Structures are given as C-alpha cells and as structure tokens.
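K.L.:
Would you mind keeping the following structure in view while I ask a few things?
Where a number appears in this text, it was derived from the coordinates with a stated rule and is not lab data. Note that the structure is a prediction, hence the values are computed from the model and not measured. Every residue, glycine as well, gets a Cβ built from its backbone with ideal geometry; the counts of neighbours run over all protein chains shown.
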Amino acid sequence: MPDTKSGRERKGQNKRRQLEDHLARRELDADEEPPEPARETVDSEYLSEADELDR
C-alpha cells in the first residue's frame, strides 16, 4: 500500500489521540496529594573529604 499524505496525517492524529487519552487516564488515576519528598541519605565519607578540603 503506498504511503500517502492523508494516511500519515490520520496516523498522526490517532497517535496524538492515544497520547491524550493515556495522559488523561494517568491524571485521573493519580493520588489527590503529591507524595512527600524523600529525604536523601547523607554518606559521611563524602562529608569528611569535603571538610578536609576546607582546611
């Protein structure tokens, strides 16, 4: 089957519609409140090296 401009446009519209549907479903399924930010663990090895550089 030959590649036509109208076929490419239709394919692009279908992909755009699928993406919009996916994003809408993802937004509806999301929690009401965003999750609390996770605290990063601090590795003391890196802190001691930084302290040595400041001296």
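K.L.:
Taking 0.36 nm per intervening residue step and subtracting the Cα-Cα distance, what contour gain separates Glu20 from Thr4 on full extension? Walk me through the numbers on the way to the answer.
P.N.:
Values: separation 16, 0.36 × 16 = 5.76 nm, distance 2.45 nm.
The Glu20-Thr4 span can extend by a further 3.3 nm.
K.L.:
Also, quick follow-up: Which order do peptides 9-16, 26-33 fall in by mean Cβ count within 10 Å, highest first? Spell out each step's value before the answer.
P.N.:
Details: 9-16: 10.1, 26-33: 7.0.
Top of the packing list down: 9-16, 26-33.
K.L.:
Another question, then. What net charge do the residues around Leu28 carry, taking every other residue with its C-beta under 14 Å from that of Leu28, with Lys and Arg at +1 and Asp and Glu at -1?
P.N.:
Working: positive: Arg25, Arg26; negative: Glu20, Asp21, Glu27, Asp29, Asp31, Glu32.
Its environment carries a net charge of -4.
K.L.:
Find out how many positive minus negative residues lie around Gln13, taking Lys and Arg as positive, Asp and Glu as negative, among other residues whose Cβ is under 13 Å from that of Gln13.
P.N.:
Within the 13 Å Cβ shell, the charges total +4.
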